[in-house]
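Note sheet for the following structure.
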Amino acid sequence: MKEHKKYSVGEFAEKTGLSIRTLHYYDEIGLLQPERDPASGHRIYSHQDILTLQKILSLKFLGYSLENIASMMHEPSFTVDLNETLALHLQALEKEKHQIEKSIISIKRVIKLLEEEVEVDSAVLFSLIHNMITENRQKEWMERNQLTDVMEAIYNKTENELVSLDQSFIQFSKKVKQLCGSPAEDPKVQEMIQTYLQESFAFLGEDVIHQLADADVEELDIQELESMAPPPFTEEEQKWLNQVMEYYMNQTEQE
């Protein structure tokens, strides 16, 4: 019977697609220990080592750590009991998949935004990205405060609608920084507030606006939501914006 071929570490690395460094590491931790040439001490791999590596890579593919793999390598067979740990790995992978998909959507949104705007203030851009990151927490907040319909209306928007809202906020932020310190009654300031509110209301829709107006939300809960998506303005800019916004609302009520 023909003997199986023997491989040097370089040949084995080329055959299996693993790096020599990885093979050395597997040997060091006792996971895949080939024979040694008695004369030179060099590693010599066999067909059996290919089968052993197949087990290692299969278990690694399923999500097991090298430590767990080491304890599973000599199991002659597996039963349904393995399903418990596989289910945990599946859950972790599904969570990771969701995070990757979310990251892809956010990256595409930022790319499109930068293509449209060419240049965006760093504080504003990071504020928008942070808002995307905390989206799940914002959804939980809305569900907790019985604003599920509002949540669905906001987060079921198309990518183009979301980018359009981002662009509106960017333009608004630019004007806040340009006009900060101007009198509240300045027509340019009032036009800035009016335009942004109109665009925001158009994005949300009348039904959502009414639901938000009727919502009974405690001050502490509002602060919690605001902490998830802090505005990109300085304290001075935010203080001024609050004042001119209040002036605009008072003027609107008097009309």
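Find out how many positive minus negative residues lie around Met228, taking Lys and Arg as positive, Asp and Glu as negative, among other residues whose Cβ is under 13 Å from that of Met228.
Cβ neighbours under 13 Å give a net charge of -2.
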Tell me, what is the percent relative contact order of the chain, built from C-alpha pairs under 8 Å that lie six or more residues apart?
16 percent
Find the relative contact order for the range 1-152 and round it to a whole percent, using C-alpha pairs within less than 8 Å whose residues are 6+ positions apart.
13 percent
The answer for GluC sites (Glu not before Pro) in the range 1-75 that fall in a DSSP coil and have at most 16 neighbouring Cβ atoms within 10 Å is Glu3
Using +1 at the Cβ of each Lys and Arg and -1 at the Cβ of each Asp and Glu in the chain, identify which of Tyr25, Pro187, Pro232 lies farthest towards the dipole's positive end.
Tyr25
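In the range 24-100, what percent of the accessible surface is made up of carbon and sulfur (1.4 Å probe, ligands and nucleic acids excluded)? Let's see the in-between values first.
Values: 3140 of 5610 Å².
On the range 24-100, the fraction of accessible area on carbon and sulfur atoms equals 56 percent.
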Over the range 161-227, average the accessible area per residue using a 1.4 Å probe and give it in Å², no decimals.
61 Å²
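Counting Lys and Arg as +1 and Asp and Glu as -1, what is the net charge of the other residues whose Cβ lies under 13 Å from the Cβ of His42?
Working: positive: Lys6, Arg36, Arg43; negative: Glu11, Asp27, Glu35, Asp37.
Net charge in that neighbourhood comes out at -1.
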For the range 79-91, what does the Karplus curve 6.51 cos²θ - 1.76 cosθ + 1.60, with θ = phi - 60°, yield as ³J(HN,Hα) per residue in whole Hz, taken in order and with x for Gly and Pro?
10, 4, 4, 5, 4, 4, 6, 4, 5, 5, 5, 4, 4
What lysines could a cross-link reach from Lys5, if we take a straight Cα to Cα line under 21 Å and drop same-chain neighbours fewer than 8 places away?
Lys15, Lys55
Relative contact order for the range 146-214: what percent, with Cα pairs under 8 Å and sequence separation of 6 or more?
50 percent
Select from Ile100, Ile50, Ser65 the residue farthest towards the positive end of the dipole of the range 32-105; place +1 on Cβ of Lys and Arg, -1 on Cβ of Asp and Glu, and compute about the Cα centre.
Ile100
Longest site-free stretch - the chain; sites: trypsin sites (Lys or Arg not before Pro), DSSP loop, at most 16 other Cβ within 10 Å:
7-156
Per-residue ellipticity at 222 nm attributable to helices in the chain (runs of n ≥ 4 DSSP H, -39500 (n - 2.57) apiece, nearest 500 deg cm²/dmol) works out to -23000 deg cm²/dmol
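The values are calculated or read from the model by the stated rules, or taken from the named source; none is laboratory data. Just so you know, these numbers come straight off a predicted model, no measurement behind them. Positions of Cβ are generated from backbone atoms using ideal geometry, with glycine treated the same way; all protein chains shown enter the neighbour counts. In case anyone asks, the SASA skips ligands and DNA or RNA and just uses the protein heavy atoms, side chains included. Shrake-Rupley method; radii C 1.70, N 1.55, O 1.52, S 1.80 Å.
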